[in-house]
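Structure first, then comments.
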Amino acid sequence: MPNLSTSFSSFYSGQFIPIFRQGFNFLVQIHRTGKTVELFSFVLWEFLYKLRYYQSSRTIKLTNSKPFTIDADGCLSSPLYDGDCETKQINIEQNAIDWKYCFEAHSQVVWGCEFHQDNRLIKAYKQAIVEEVWSFPASIRSLYVTDKAIFVCAGGILYRSSTDRYQFVEVVKLTTPESYFLFNNGFCELPDSTLLFGEYASIWQNNSWVSLAYLYISKDEGLTWNVADFLKRQGVNKHIHLVKFSPRLNQIFLTDGDNKKQLWRNTTLFNYAGQAGKSLQGWQLVNRFHWQMGGYTSMLEHENGVVFGTDYLGGTNFLVHTADGTSFRKEVIPSPYRRSPIINMVSRKIDGRVELWALLHNSVVPGKSCLVMYSTDNGASWNRFIEYDGRRHEIQLVSSSAGMVDELYFCIRQWNSGKEESKTYRVKGAVM
């Protein structure tokens, strides 16, 4: 069963199949994948957008900055110096370590894996010393590091090792070999050292999605885990996107996908295994209806609150801001980037200043509809950093940390004659 986005791409392709047959098949896919309610929201937002409801006060502010583009070789082309892959004027360089994922920990240590050997966990220092730590039987899909433990998800298994003695052991076998938690968004540590992560994968079986909406909870630094299935029992048909703690708001946020796309919060930091009752101890459902938004795939915290990124491939996407977890202000992404979900967001603190970075990516909408952008004023305005066609290239923000990162890495992937090629870049110093 192809992903729904594959069917949706037909509306942009203009191929040979008659549009009425295409539309009928699309509606069948909508019903079978549980997206009927989401389609209503898509139509509503599209209607409002065409009516120019989202004026400047309801749309993110993009500056006049000229973005990088990507040439046929996968190099960055400067808006001022075309073809220059290492433009010193804006402090970008190709990185010696070809990071696929990397996680900044304490003592200026970075953990992660490279593209060419993505089953091998490596440890790097700011002085560029690299140490191989462990080889896993499958590709690393995500990782998270605390002061006391390293967690790696590979082949549907969560492995754990202490940070002072490297010996990885299996601590959780997830539902499927394809399961993992979303890197940078699906795992968090609370002030009392409680650990939470949500299971993620997209498995189509027997004409329906396999529900993997399980939340895993550990009270002993990840040695043992309990599993909560309240989302599955509530009817969530697919997986968990986001499990993140906001120190500023002292709340945990959780989002699910795909048929409900809900936003949950836990304000008491208690009872992680079930929905809250009248006592409010547990998970409180924030959005009652889909058009109120939810199911976010990315979140970051900044100096004024929290911002979420929507996951509406082919529809209308938004950045959603909150300063308290109860009231929300949404800003629409303008065209030509409007139909690209905000896949990932990272905050970086450098030279005493906070930068917000966001990745808007899709692989179905033609043209330069994908964007990497950054903000230096807590999201009041955004600068276009890289603009690209997601059908030809893929960019990933590969930096993560329990808080704000010090170093920002991103990679550019492309496929030539079926062979994957990748380049990882580092943003040096503060951006202008």
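The values are calculated or read from the model by the stated rules, or taken from the named source; none is laboratory data. Source: prediction; values computed, not measured. So basically every Cβ, Gly included, is an ideal-geometry build from the backbone, and we count neighbours across all protein chains shown. With ligands, DNA and RNA removed, areas are computed over all heavy atoms of the protein, side chains included. Shrake-Rupley method; radii C 1.70, N 1.55, O 1.52, S 1.80 Å.
Summing Cβ point charges (Lys, Arg +1; Asp, Glu -1) relative to the Cα centre of the range 221-311 gives a dipole of roughly 360 debye. Would you mind classifying the range 288-432 by shape? Square roots of the alpha carbon gyration tensor eigenvalues, ordered a ≥ b ≥ c; an a/c under 1.5 is rounded, otherwise it is prolate if a/b is larger than b/c and oblate if not. Oblate is the answer for the range 288-432, as a/c is 1.5 or above yet b/c matches or exceeds a/b.
Here the range 322-432 is assigned +1 on the Cβ of each Lys and Arg and -1 on the Cβ of each Asp and Glu. Its dipole about the Cα centre then comes out at about 300 debye. TYR159 sits among other residues whose Cβ lies under 12 Å from its own Cβ, and their net charge, with Lys and Arg +1 and Asp and Glu -1, is +2. For the chain, the convex hull spanned by the alpha carbon atoms encloses 150 Å³ per residue. Built from the Cα atoms of the range 136-260, the convex hull projects on average onto 8.0 nm², one quarter of its surface area. Would you work out if the range 107-148 is rounded, prolate or oblate? Take a ≥ b ≥ c from the square roots of the eigenvalues of the alpha-carbon gyration tensor; rounded if a/c is under 1.5, else prolate when a/b is larger than b/c, oblate otherwise. Verdict is oblate for the range 107-148.
The length gained by stretching the chain between THR376 and ALA273 to full extension, at 0.36 nm per residue less their Cα-Cα distance, is 33.3 nm.
Of the heavy-atom accessible surface of the chain (probe 1.4 angstrom), what whole percent is carbon and sulfur? Carbon plus sulfur share of accessible area: 50 percent.
Of VAL172, ASN383, VAL364, which is farthest along the charge dipole of the chain in the positive direction, counting Lys and Arg as +1 and Asp and Glu as -1 at C-beta? Positive-most Cα among the choices belongs to VAL364.
Shown here for the range 263-340: chymotrypsin sites (Phe, Trp or Tyr not before Pro) in loop regions (DSSP other than H, G, I, E, B) with at most 12 other Cβ atoms within 10 Å, namely PHE270, PHE289. Rounded to the nearest 20, the Cβ-based charge dipole of the chain about its Cα centre (Lys and Arg +1, Asp and Glu -1) stands at 1440 debye. The local environment of TYR312, defined by Cβ-Cβ distances under 13 Å, has a net charge of +1 under the rule Lys, Arg +1 and Asp, Glu -1.
Computed per residue of the chain from DSSP H runs no shorter than four, each worth -39500 (n - 2.57), the mean residue ellipticity at 222 nm is -3000 deg cm²/dmol. Largest first, the three principal axis extents of the alpha carbons in the range 302-348 are 30, 25, 15 Å in whole numbers. By the compact-protein rule of thumb, 2.2 N^0.38 Å, the alpha-carbon radius of gyration of the range 200-275 corresponds to a ratio of 1.16. Accessible surface calculations at 1.4 Å, restricted to protein heavy atoms, place the chain at 44 Å² per residue. For LYS126, the accessible surface of its heavy atoms amounts to roughly 70 Å² (probe 1.4 Å, protein chains only, rounded to the nearest 10).
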